[in-house]
Amino acid sequence: MGSGEAPPKTADEYAPTMPEGMSLDALKADPLYGGFLKGAHARGMNNAQLSYVLDAMQVRESMRNSPEAAEADLRKDFTNDHALTQALQRSYRATAAYAGTEETRGKLEAKFGNDPDFIRLMARIGGELGEDSPPAGLSGAESQTLESLIAHPAYLDRKHPEHARVIAQTKAMYAKKTGGT
């Protein structure tokens, strides 16, 4: 085939020249590429051909994940600097809120950080989260008071001597928060 090199006897015997920053062990362990080497072997690819494909994949991946390409794609939806900045902030906020841990957030950012589709998705989710501000109608101190009332032992204990007072205060604060009476 091509260079005259024969494919290895099994997919496990591949020894291609790996692109910089990529290792054969990592490729074998990656669930996205788990069957890739077996598929290449089944199609009779030799090490030189496999090396070419891996180089092409890395070039495509680096182009796809470039900040410049991501910004150009995002500018189709967010046409000015302010809109783009807001979308990026909402995306970051949603990723931070739902990632669970810093480690997971870091992995998500490394994997999807410049993916315009991921950024759009997370920006929509981040927009639903709203700003980190107190609810409408309540000041920061009042929000903390409402939280402390709900956490108060009397809130759930009907037999507690302060139950009626805590419930009345909680209802009044919820009415203020929602604009009700």
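In the stretch 6-13, the condition of being among the aliphatic types (A, V, I, L, M), assigned to a helix (DSSP H, G or I) and more than 25 Å from the chain's Cα centre (by Cα) is met by at least one residue.
Within the stretch 93-108, residues that are within 17 Å of Arg120 (Cβ to Cβ) have Cβ atoms under 8 Å from residues that are polar (S, T, N, Q) and in a helix (DSSP H, G or I) in these pairs: Leu108/Thr95, counting only partners at least 6 apart in sequence or on another chain. Take the residues in the stretch 157-173 that are aliphatic (A, V, I, L, M) and surrounded by 12 or more Cβ atoms within 10 Å (Cβ to Cβ), then tell me which one is modelled with the highest pLDDT. The residue in question is Ile167.
For (1) closer than 30 Å to Glu68 by Cα; (2) part of a loop (DSSP other than H, G, I, E, B); (3) at pLDDT below 80; (4) of a type in the set (S, T, N, Q), each residue gets a yes or a no:
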site: Phe118; (1), (2), (3), (4): yes, no, no, no
site: Pro134; (1), (2), (3), (4): no, yes, yes, no
site: Glu142; (1), (2), (3), (4): no, no, yes, no
site: Leu149; (1), (2), (3), (4): no, no, yes, no
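Suppose we filter Ala40, Ala11, Ala15, Ala48 for residues that are loosely packed, with under 13 Cβ neighbours inside 10 Å and either within 18 Å of Lys111 (Cβ to Cβ) or in contact (Cβ under 8 Å) with a residue 24 or more places away in the chain (or both); which single one remains? Unique residue meeting the criteria: Ala15. For the stretch 2-49, taking the residues that are within 21 Å of Arg60 (Cα to Cα) and among the hydroxyl-bearing types (Ser, Thr, Tyr), the one that is modelled with the lowest pLDDT is identified as Tyr33.
The values are calculated or read from the model by the stated rules, or taken from the named source; none is laboratory data. Keep in mind that what you see is a predicted model, and the values were worked out from it rather than measured. All Cβ positions, glycine included, derive from the backbone under ideal geometry; neighbour counts span all protein chains shown.
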